[in-house]
Structures are given as C-alpha cells and as structure tokens.
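Peer 1: My structure is below; once you've seen it, I'll send some questions.
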2 protein chains.
Amino acid sequence: METRRKFIAKSMLALGATAIASNPVFATDSGAKAAGKITVKENDIILFQGDSITDTGRNREELGPNNTSAFGNGYALIAASSLLNKFADKNIQVYNRGISGNRVPDLIKRWDVDAIQLKPTILSVHIGVNDFWRTMDSGAKNTPQQYKQQYKELLDKTLSALPEVQLIICEPFGVNGVKSVTDAWYPDFTGYQKAAKEIAKEYNVTFLPYQTVFDKAASRGSGDYWTTDGVHTTLAGSNLMAQAWLDLIK
Amino acid sequence: METRRKFIAKSMLALGATAIASNPVFATDSGAKAAGKITVKENDIILFQGDSITDTGRNREELGPNNTSAFGNGYALIAASSLLNKFADKNIQVYNRGISGNRVPDLIKRWDVDAIQLKPTILSVHIGVNDFWRTMDSGAKNTPQQYKQQYKELLDKTLSALPEVQLIICEPFGVNGVKSVTDAWYPDFTGYQKAAKEIAKEYNVTFLPYQTVFDKAASRGSGDYWTTDGVHTTLAGSNLMAQAWLDLIK
C-alpha cells in the first residue's frame, strides 16, 4: 500500500461503487476530514506515540488507559487531562506509549503491542528528532529519505490494521540556539521535517506543524523559555505543545 | 490583625485619607478586586500551597520556579503550565510547595520558608481535608472552629508579611461514595468547608468553591471518573481543578 488514497481506491474497487456512499469508512476517510480537524467520538481510543518528548518519565508499568502516572509530565499528560475533562461523557480511553530515545525503526519493532493491539481510533505520532540527532552525536547513518521510507512502512502497517484511524503526524522540531540544537543541525534536520510533512500530505492525514508553533512562540519568550535543550520542553513548552494538539480537535 | 479589612482600615488611619486614592496598595486591596478575579502582572510570583492534592508526587529537591518536576502531575502542574504559556511575556515565577498529609498546623510550621520567603504575589491555599480526615481514620481531635482559628492564624501571618498578596482559598472537597469518602463524613466535613468559605469572606479574598465544581461535574461523569478515592484526583479531575483555578484569572 503506497498511500492512504491508493488504499481507499483499491477498497472502492473491491466493494463496488454502489457500496461507497453508505460505507462509514469512506465518510471518515474523505480527504477534507482526514487531513483537517480531528473528531472525538463516543468510545474513542486515543494514543500518543513517540520518543522522550512524549514519554516524559511516564511509569511504563502502568498499562491501562487514563492513569495519571502513565502519562509522565509533558504535553501528553496536559492534552490527555483536557480530553478526559472535555469529553467526560464520551467514555474515551487515552494512552501514552512514547519511549525515550526512539526512532522510527524502534516504533516499527514495538508497533503491534504498543499501537495496533490498543486499537486506537485517534493516533498521534511524534517521531524524528532522534532519527536525525543520532547522526550528529553518535555517528549513526541516516537520511531524510530513509526516515521517510521507514515512516511510510509504519503508517502502512497502521492503516492496514486500522483503516479508520484518525492519524496525526507531529512535526519534529528544534529550537536553534538552545543547548543541543546548533547551526550544525541545519539544513540537514530540515530534511527530516520536510519528510514528515510530505508523508502527512501523501497519506492525507493531519499534520501538526510544531516547528511553526515554536517559531511563533519565539515572539513571546526566548528559546530556553520553551525548551530545556532545544528539543525537550519546559513546563511552558509542554503547554504550548498540548494547546496546539488540542487545537486540532473540532 | 483580625481581618484583612481591619488591616487595611488601620493602614488607612496611619496614612491619612489624602494618601489613599493614589496608593497602589489600596487599589489592589479594594474589596471587589481582592474577592473577585485574580490579575497576573509582570514579575508575579505564584505559589500553590496545600496537601497531597497539590503535592502530587512533586520532586521536593527541586526548589526553583517553573521546573516541571517540581510540580508533580496534578492540577498545580496543569495550571502552572497554562499560566507560563499564557503569560510568557510577563516573567512570572510559579512554585508548588504542597506536602502530602499536611493540615493547617503543618503549614503554619513551615510557612516562613515555604511561603513568606518566596514572596508570592498570588498565593493559592488548598488545605483542610486532612484536618477533618484524621479525626475519622486516626482518632485526631479537631473541630471546624479549631480549623478556622488556625487557618486565620496562617492568613494573619501571611498578610502581615505580604499585605499586597492576592489570596485564593480553595475549598476542601470530597466526592461521596468514592472509596475513602462515605456518609460517615457528613455532616461533620461540611463544617470544615463552611469554615473555609467564611474565612474567605471575612478576609475578603478569592474563594474557589471546589465542592461546587465537583458537584457540577457529577452530571458529566461518575465520582470515580474525577477522583481515585473521593479526595485525590484522576487525570480528568486534575484538569477539572486546573480549569476552575484558571477561570479565576481575568
């Protein structure tokens, strides 16, 4: 499966044109909706996936939904708490399964257990900074093209098992001039950001442009007000991320 | 000093009537403003004080302002993150100094270090459930009258050192029918809630009616959706508390 659109096109052929109008899969997968705002419905299962920015010291022994200690203390906790308050009457389940240090290949390895088996109906993925960063600090070999190919493999796996899932691809971001993030990151890191954006477009899913969010925030506070090291968020930055995430909800 | 109004009245006598109109202390301390909405100004120092509901597993070694790990994972973290995002251009400092198990006498003992010396300009105090609870589970002797007297001692100490502080008295709450909170709590516990409300009125400071907040939330979710044991909050309940707190801000 190359793209979500192609997947839908194939399904359309299989089902026959008469079945399309009444099939809720197609209603959910209409381009405008998939790539725009996210809808929270009764019994939704919302999963935050990613690296340390999502993990934020969560208790990994806590596997059930909606548990405070399972969320760490970052944007996922703040966003989850808001979702659980706002949609209290919708019986939603929210999970955080971010793991520090993860790159796309790490997600692929644990995807069955840590994503597919949870049967998310809304899946937010924030991955990419380590895919680049390890080429800087550990001599790892990687390119935006490889990152993109691996990310597409992850999404194909996801959509094959969960064709109705509402996907959110979060842009990996860096705040230049704060500790770990220096001019040496550019323009290479931009290639990974571009790849994430291209994937969201190709799969016609929601893209959360976190680099723009942090760039705009620069007018209100310095880089180290929002991040501790250019990559990980302060309390202010976690709220900034959570609010941007919540702004995706209709 | 019996009440804030009396303190102000005494100061007015000392200053003389002509000085009142132009003195910012009186502008800040006008009854309507002190008891109503809270204003966040440049360089404000905001302190959350209380017991375990405020503490929420914070790292007590982290003493500086605005540190994520110093906030635990409850309403204080969520509210602080929102304040730091919203007022990014105001150079505010936010602290959490809640300690699990605390009653008013515990706050009095540590008030110099954990409140006065931080020089808060906005001080939120959430205390009282343990003052009552220990009479139920540990045979402690206490009454709403004693609680009120001790709480007034705490506020007198506060206003004597920090006459311009904007105070928020948070109502201790219980969600009846969830684990620790049973019919046996009533009507005795209500006496402590009433005392907190009376103090806020007598000192003409902002009162946050958390019992009403949780009572209203019952129409959207069951008691154990908002609290784990009737007293401590779930992720949804922490957000509910934070939002109610943030609603006090102009």
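Peer 1: Starting from the Cα of residue A:117, step 7 Å along the direction of its Cβ; do the same at residue B:63; then give the gap between the two resulting points in nm.
Peer 2: My value for the distance between the label points is 4.6 nm.
Peer 1: Which order results if A:87, B:48 are arranged by neighbouring Cβ count within 10 Å, fewest first?
Peer 2: A:87, B:48
Peer 1: Taking 0.36 nm per residue of separation and subtracting the Cα-Cα distance, what length does fully extending residue A:249 through residue A:218 add? Mind dumping the intermediate values first?
Peer 2: On the way: separation 31, 0.36 × 31 = 11.16 nm, distance 2.42 nm.
Using 0.36 nm per residue and subtracting the Cα-Cα distance, I get 8.7 nm.
Peer 1: In terms of the ratio Rg/(2.2 N^0.38 Å) built on C-alpha atoms, what value belongs to the range A:4-246?
Peer 2: 1.01
Peer 1: What is the range A:172-250 by shape, rounded, prolate or oblate, if you read a ≥ b ≥ c off the alpha carbon gyration tensor as root eigenvalues and call it rounded for a/c under 1.5, prolate for a/b larger than b/c, and oblate otherwise?
Peer 2: Working: a/c = 2.57, a/b = 1.19, b/c = 2.17.
It is oblate, given that a/c is not under 1.5 and a/b is not larger than b/c.
Peer 1: What's the exposure ranking of A:154, A:246, A:107, going from fewest to most Cβ atoms within 10 Å?
Peer 2: Going from sparsest to densest Cβ surroundings: A:246, A:154, A:107.
Peer 1: Of all DSSP beta bridges in the range B:36-246, what percent run antiparallel (nearest 5)?
Peer 2: Here the antiparallel bridges make up roughly 5 percent for the range B:36-246.
Peer 1: About the Cα centre, and with charges only on the beta carbon of Lys, Arg (+1) and Asp, Glu (-1), how big is the dipole of the range B:111-181? Nearest 20 debye, please.
Peer 2: 200
Peer 1: Right, something else. Could you tell me the extents of the range A:120-223's C-alpha atoms along the three principal axes, largest first, rounded to whole Å?
Peer 2: The Cα atoms of the range A:120-223 stretch 41, 35, 20 Å along the principal axes, largest first.
Peer 1: Could you state the angle between the C-alpha long axis of helix A:4-15 and the longest principal axis of the C-alpha atoms of chain A, as a value from 0 to 90 degrees rounded to the nearest 10?
Peer 2: 10
Peer 1: Relative to a virtual label point 7 Å from the Cα of residue A:106 in the Cα→beta-carbon direction, which members of the range A:199-235 show backbone nitrogen distances below 20 Å?
Peer 2: A:228-234
Peer 1: Just the number, please: percent antiparallel of the DSSP beta bridges in the protein assembly as shown, rounded to the nearest 5.
Peer 2: Taking every DSSP beta bridge with both residues in the protein assembly as shown, the antiparallel ones total about 5 percent.
Peer 1: What number results when the radius of gyration of the protein assembly as shown, computed over Cα atoms, is divided by 2.2 N^0.38 Å?
Peer 2: For the protein assembly as shown, the normalised Cα radius of gyration is 1.09.
Peer 1: Neighbour counts of other C-beta atoms within 10 Å: give me A:106, A:55, A:89 arranged from fewest to most.
Peer 2: A:89, A:106, A:55
Peer 1: Residues with beta-carbon under 13 Å from that of residue B:229, excluding residue B:229: net charge, scoring Lys, Arg +1 and Asp, Glu -1?
Peer 2: -1
Peer 1: Sticking with this structure for a sec: Below 8 Å, C-alpha to C-alpha, sequence gap of six or more: please give me the relative contact order for chain B in percent.
Peer 2: 24
Peer 1: Using a Gaussian network for chain A with springs between C-alpha atoms less than 10 Å apart, which of these wobbles most: A:84, A:123, A:155?
Peer 2: A:84
Peer 1: Let me ask something else. Once you list every other residue whose beta carbon is under 15 Å from the beta carbon of residue A:175, what net charge do they have if Lys and Arg are +1 and Asp and Glu are -1?
Peer 2: My count for the surroundings of residue A:175 gives -2.
Peer 1: Any of A:41/A:86; A:86/B:201; B:41/B:250; B:86/B:250; B:152/B:250 with alpha carbons more than 21 Å apart? Name them for me.
Peer 2: In this structure, A:86/B:201; B:152/B:250 exceed 21 Å between Cα atoms.
Peer 1: Taking only Cα atoms, what is the 0 to 90° angle, nearest 10, from helix A:104-114's long axis to the longest principal axis of chain A?
Peer 2: The angle comes out near 50 degrees.
Peer 1: With r as the distance between the Cβ atoms of residue A:153 and residue B:198 and R0 = 51 Å, compute the FRET efficiency 1/(1 + (r/R0)^6) and round to 0.05.
Peer 2: Efficiency computed from Cβ-Cβ geometry: 0.20.
Peer 1: Based on the Kirkwood radius over alpha-carbon pairs, what is the Stokes-Einstein translational diffusion coefficient of the range A:163-211 at 25 °C with 0.890 mPa s viscosity, in µm²/s?
Peer 2: 207
Peer 1: Just to confirm the number: angle between the C-alpha axis of helix B:188-202 and the first principal axis of chain B, 0 to 90 degrees, nearest 10?
Peer 2: 10
Every number here is computed from the coordinates shown, using simple stated rules; none is lab data. The model shown is predicted, which means the values in this text are computed figures rather than measured ones. FYI the Cβ positions are ideal-geometry reconstructions off the backbone, even for glycines, and counts take in every protein chain you see.
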